[in-house]
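To keep things clear, I will list the structure first and then write my remarks on it.
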Amino acid sequence: MKNKHNWTVCGKLLPRGIWIKYGLICLLPLLLSSCFTPTPVPKAPKTATFDGNNYNSGIIAKAGDGSLIITQSARDRYNAFVERYGKSIGIQKDFGISQREDEYYYMTLEAAEKWKQMILISQRERVNEASR
C-alpha cells in the first residue's frame, strides 16, 4: 500500500489533502482578484471648461443670425479637431469660422454641428481604445 504522506513540514509528515486545501485557499483570492478587474469607461463632461479665466469653453454668446461667437482658443481647439477628424466628415481648417471686428470669431451652426460630430468620433475612439 502507498504511503499517503508525501510532504514534510518541520520534520512532520502531513497528508496530501491538507496541502491541496490550504494551497487552494491561498490561491483563490489571487485568482479571483485578477479575473474581475473593472475597466473604467470614459464619461463625457457635462459642464463647461475654462477658457483662460472664464468658465465658458470659449463660446461667448449666440449672435442674432444663430451663429456662435467664440474665442481664439475655441477656434484653436476646433481646428485641432479638424486636423485630426476633418477628412472623415469632409471639412477643412476654419470651416464655418469668420473673423469679427474685435478679437472674437463667428462660428456658423453648421460648423458647430461638425464640431459636435468630431467630438463624438473622438469619444468613440477613446472608448474603443479603453476596451482593448
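The values are calculated or read from the model by the stated rules, or taken from the named source; none is laboratory data. Values in this document were obtained by computation on a predicted structure and should not be read as measured data. Cβ coordinates were reconstructed from backbone atoms using ideal geometry, including for glycine residues, and neighbour counts include every protein chain displayed.
A quick yes/no check of all residues on (1) at pLDDT 70 or above; (2) surrounded by 14 or more Cβ atoms within 10 Å (Cβ to Cβ); (3) in the same structural domain as TYR104 (by TED's automatic domain parsing); (4) closer than 30 Å to ALA130 by Cα:
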| site | (1), (2), (3), (4) |
| --- | --- |
| LEU27 | yes, no, no, yes |
| ILE69 | yes, yes, yes, no |
| TYR78 | yes, yes, yes, yes |
| ARG84 | yes, no, yes, yes |
Which numbered condition GLU125 fails, given (1) surrounded by 11 or more Cβ atoms within 10 Å (Cβ to Cβ); (2) on the phi < 0 side of the Ramachandran plot; (3) touching a helix residue (DSSP H, G or I) at 6+ places or on another chain (Cβ under 8 Å); (4) modelled with pLDDT under 90:
(3)
Inter-residue pairs, beta-carbon under 7 Å, first within 12 Å of TRP115 (Cα to Cα) and in the stretch 62-91, second of a type in the set (A, V, I, L, M) and in a loop (DSSP other than H, G, I, E, B), 6+ apart
VAL82/ILE91
Across the stretch 63-79, which residue is farthest from GLN92 (Cα to Cα) among those that are part of a helix (DSSP H, G or I) and hydroxyl-bearing (Ser, Thr, Tyr)?
SER73
